[in-house]
Amino acid sequence: MRYGYFDNEKREYVITRPDTPAPWVNYLGSPEYGAIISNNAGGYSFEKSGANGRILRYVFNQFDEPGRYIYIRDNDSKDYWSASWQPVGKDLDEYKSECHHGTAYTRMIAKYSGISSEALYYVPLDKSYEVWDLKVTNNSEKNRKLNITGYAEFTNNCNYEQDQVNLQYSQFITSTHFSQNRVMHHVHGNLDALKEDEYIDNKNVSMRFLGMAGQKVSSWCGSKEGFLGRYHDYSNPIGVINGSLDNKGNYNENGCGALTTLLELAPGETKEVIFIVGMKYDDEAAKIIARYDENENLCEKELVELKKFWHGKLEKFQVKTPSEEFNTMINTWNAYNCFMTFIWSRAASFTYCGLRNGYGYRDTVQDIQGIIHLAPEMAVEKIRFMLSAQVDNGGGLPLVKFTHNPGHEDTPDDTSYVQETGHPAYRADDALWLFPTVYKYISETGNMEFLDEVIPFANKDEATVYEHLQRAVKFSAEHLGKHGMPAGLYADWNDCLRLGKDGESSFVAMQYYYAMTILRKFAEYKNDDNYVKQLDKQQEELGKIIQKICYDEDRFIRGFTEEGNVIGKRTDAEANMWLNPQSWAVISKVADEEQGEVIMNSVYDRLNTEYGAILMDPPYHAEAFPGALAVIYNAGTKENSGIFSQSQGWLILAEALLKHGDRAFEYFMENSPAAQNDRAETRVLEPYCYGQFTEGKASPNFGRSHVHWLTGTASTVMVGCVEGILGMRPDFRGLHIEPSIPEKWEKFEITKSFRGSRLHIVVKNPGHVQSGCKKMIVNGKEVEGNYVTEDMLTENTEIELYMS
Ligand code: IFM
């Protein structure tokens with residue numbers, strides 16, 4: 001069953017049935033002013049921090065309420081509805097609606113009772129407030145008198161947790177006041193005698209507002225109970241039913257902002273009402289509202305600006321392949337998803353309440369990879385930041401606080417860090433993610449000088465990027481287990497594998513091996529011959545160990561427990577086959593081609609399902625060792641044999657590197673949100689974004705996906721598709737083009753910005769092969785091989801590649 005469609009031209013997903021199997025959401029703004037909105041206007045907003053800057057309340061895991069509600073009431077018939085289907089929830093036979101989720105804006109269109117409305121929700125570019133721009137049209141033949149009411153439910157405290165649980169405190173610090181065109185909500189209003197930079201117990205007055213522009217306020221309300229009425233709810237607020245709000249604020253109750261205006265519409269007439277929400281003091285709120293009163297069509301202009309910004313970013317890489325699903329994801333939705341996870345990390349979603357007050361090291365470093373081909377200038381800023389969160393011993397800080405202060409941070413070796421972040425020790429993999437990320441950035445841009453840039457460590461001292469990477473390798477070398485492979489420490493990529501300082505991880509061993517390949521390239525570039533030799537030796541030894549103790553006939557094992565027992569051997573009753581060590585053996589080139597074929601066939605035979613490959617099989621139940629935390633989850637769920645979208649990306653890449661275009665694409669399609677648009681009731685999650693995992697075959701809900709818009713996922717799939725399937729593989733001097741495509745594809749095109757040139761690449765495949773290059777023509781001249789070097793680039797570079 002489908003609930004909507006992709007409008008690729010506008011880069012929108014259009015929801016035509018509002019009763020979606022879950023709230024399908026969009027992101028507006030950025031954590032500077034963050035707003036999340038569902039297709040039924042549910043959601044919340046915050047300034048700077050989801051944990052400490054919460055403005056609008058949302059009750060998690062509770063049917064998508066409350067939200068940015070706009071009520072419309074016919075004052076003659078007294079009938080009322082909402083600009084989004086919920087909260088009033090009119091009969092869908094009479095109420096027709098569309099929700100257009102676009103790039104950082106959402107537009108709700110509704111038609112009911114001869115009235116149509118369009119509510120556009122967005123955060124203007126570089127502004128820290130949100131706008132709900134409503135246009136209402138009278139499509140009937142008579143004059144209509146409508147009450148339009150905007151409702152914003154403010155949290156009683158900027159701290160999300162305090163608002164939700166500490167009611168004996170948070171209920172007694174708020175009050176609301178009305179002035180002219182706005183409800184001002186004061187938190188700690190009694191502290192207004194303090195100066196702006198004075199605090200008592202870390203507290204000072206903060207103010208939020210709901211303002212109205214474009215029309216005159218006819219009535220207002222500042223108390224949730226006053227607006228809803230006792231024993232009423234969001235679907236039938238007394239303030240809307242009565243036709244007028246009570247014009248009362250709150251003092252020691254739950255605050256809200258509700259504003260009503262009366263619209264009189266002649267047949268065919270359209271009028272506009274603009275609601276604005278933000279966290280500002282009164283004079284600034286007044287100025288913001290005035291801008292919308294004074295500037296005609298400001299909202300439309302701001303929307304144009306917003307689209308220009310986002311579409312401009314997406315335009316940097318566009319494909320035209322025979323697969324609509326692939327095009328949709330790569331051109332818009334996977335790319336947009338990558339930007340959202342890059343910007344937001346796990347700051348907030350409908351699953352993440354915003355309480356994790358920082359960036360996860362590994363996820364954030366991986367997220368960067370998803371946007372390097374689109375916005376290398378944004379990527380490098382974040383790379384710098386993440387390098388500055390590397391401890392001088394080479395390890396990454398498991399959690400990098402939003403208040404990160406390079407050079408002055410505590411580390412997992414300090415009790416204070418452990419107490420503050422809850423992370424008791426280093427993880428084995430964190431800093432190893434830097435290698436592919438830094439390599440991709442330097443190769444995309446050719447910015448070799450980046451290696452010499454000096455960046456501080458998290459705790460003390462500073463070093464060049466090259467030295468940072470050397471320290472990361474040193475960290476692994478200094479944390480080896482009994483067999484000489486990297487110790488698993490508090491976790492590797494898999495949060496549910498606690499292998500400690502004696503247990504060992506084959507996945508990290510492969511990452512470490514791969515890190516040395518990359519570092520060697522940098523060392524060669526820098527003519528650091530001794531270091532090259534050292535790396536060669538170290539890598540060769542590691543490769544031998546991995547082959548000797550980790551290869552088990554047709555698979556790589558997952559590692560060793562602290563006691564030295566093998567995890568994931570063929571004869572184990574549970575978890576005897578794992579996905580990641582197979583794909584990473586190929587990616588890292590620990591496995592040669594022949595071995596790669598064997599292990600990837602094992603994956604296909606043992607782990608693949610119609611929704612992607614499960615993480616391991618069979619799930620843990622009775623045989624888990626103490627560090628196998630996956631057992632805490634139901635079988636077929638999350639790390640316990642769920643289908644991790646993140647791992648699908650590596651699988652796609654690994655198959656593509658083996659030149660298996662058909663299989664790479666098959667894995668893409670199995671797990672691609674867009675490819676499941678027609679199975680929305682099974683997938684449940686938004687068909688335009690990746691989730692953390694899909695329930696595996698051991699679950700009775702096989703195929704259902706969870707944890708939307710999560711970090712780490714969209715980016716690995718993006719890399720699998722761009723670098724893997726499409727074969728965009730830049731290096732220091734240019735771009736290798738090595739597609740691994742389904743053999744049925746006869747042709748595809750790419751437009752790509754690359755080092756100041758606009759590439760137009762046409763790949764032809766008349767002989768229907770999965771990989772290869774028979775001939776390549778660059779700007780009309782046939783060149784040797786499939787490598788476009790920088791000196792061949794012109795402002796517009798025309799490339800034709802014949803695969804067969
Ligand atoms: O790698 C982790 C990630 O950091 C958090 N979510 C789960 C992944 C796998 O355990």
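The values are calculated or read from the model by the stated rules, or taken from the named source; none is laboratory data. Source: prediction; values computed, not measured. Cβ placement follows ideal geometry from the backbone for every residue including glycine, while neighbour counts extend to all protein chains displayed. The protein model used for the area step is the full one, side chains on, heavy atoms only, and it has no ligands, DNA or RNA in it. Shrake-Rupley method; radii C 1.70, N 1.55, O 1.52, S 1.80 Å.
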Any residue in the stretch 657-665 that is in a helix (DSSP H, G or I), open to solvent by 10 Å² or more (accessible area, probe 1.4 Å), away from the ligand (no atom under 16 Å from the Cβ) and aromatic (Phe, Trp, Tyr)? yes
Starting from residues that are farther than 14 Å from TYR441 by Cα and touching a Lys or Arg at 6+ places or on another chain (Cβ under 8 Å), keep the ones in the stretch 708-744 and report whichever is farthest from the ligand (Cβ to nearest atom). ILE737
Could you go through the stretch 191-203 and let me know if any residue there is under 26 Å from ILE289 (Cβ atoms) and in contact with a Cys (Cβ under 7 Å, 6 or more places away or on another chain). no
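Can you give me the number of residues within the stretch 29-53 that are surrounded by fewer than 24 Cβ atoms within 10 Å (Cβ to Cβ) and outside any loop (DSSP other than H, G, I, E, B)?
Let us first name the residues in the stretch 29-53 that are surrounded by fewer than 24 Cβ atoms within 10 Å (Cβ to Cβ), namely 30-33, 47-49, 51-53.
Applying the additional criterion that residues be outside any loop (DSSP other than H, G, I, E, B) yields 30, 33.
Number satisfying all stated conditions: 2.
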From the set of residues in the stretch 647-656 that are under 21 Å from MET616 (Cβ atoms) and open to solvent by less than 10 Å² (accessible area, probe 1.4 Å), which is nearest to the ligand (Cβ to nearest atom)? SER647
Picking from SER699, SER705, the residue that is among the small types (Gly, Ala, Ser) and either in contact with a Cys (Cβ under 9 Å, 6 or more places away or on another chain) or away from the ligand (no atom under 16 Å from the Cβ) (or both) would be SER699
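What do you reckon, is GLU118 open to solvent by 40 Å² or more (accessible area, probe 1.4 Å), part of a strand (DSSP E or B) and not small (Gly, Ala, Ser)?
In short, yes.
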So, in the stretch 632-646, how many residues would count as being part of a helix (DSSP H, G or I) and more than 10 Å from the ligand (Cβ to nearest atom)? 2
Only one of (1) open to solvent by less than 10 Å² (accessible area, probe 1.4 Å); (2) among the hydroxyl-bearing types (Ser, Thr, Tyr); (3) farther than 16 Å from GLU12 by Cα is not met by TYR336, so which one is it? (3)
LYS127 being within 28 Å of THR270 (Cα to Cα), assigned to a loop (DSSP other than H, G, I, E, B) and in contact (Cβ under 8 Å) with a residue 40 or more places away in the chain: yes
Only one residue in PHE507, PHE522, PHE560 is in contact with a His (Cβ under 9 Å, 6 or more places away or on another chain), crowded, with 20+ Cβ neighbours inside 10 Å and at pLDDT 95 or above. Which one? PHE560
Considering only residues that are crowded, with 24+ Cβ neighbours inside 10 Å and away from the ligand (no atom under 11 Å from the Cβ), which ones fall in the stretch 490-502? LEU499
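Which of the following residues is in contact (Cβ under 8 Å) with a residue 40 or more places away in the chain and either surrounded by 20 or more Cβ atoms within 10 Å (Cβ to Cβ) or in a helix (DSSP H, G or I) (or both): GLU381, GLU302?
Working: GLU381 fails: in contact (Cβ under 8 Å) with a residue 40 or more places away in the chain.
When all the criteria are applied, what remains is GLU302.
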If we scan the stretch 67-84, do we find a residue that is open to solvent by less than 30 Å² (accessible area, probe 1.4 Å), under 30 Å from THR403 (Cβ atoms), out of contact with any Gly (no Cβ under 7 Å at 6 or more places or on another chain) and in a strand (DSSP E or B)? no
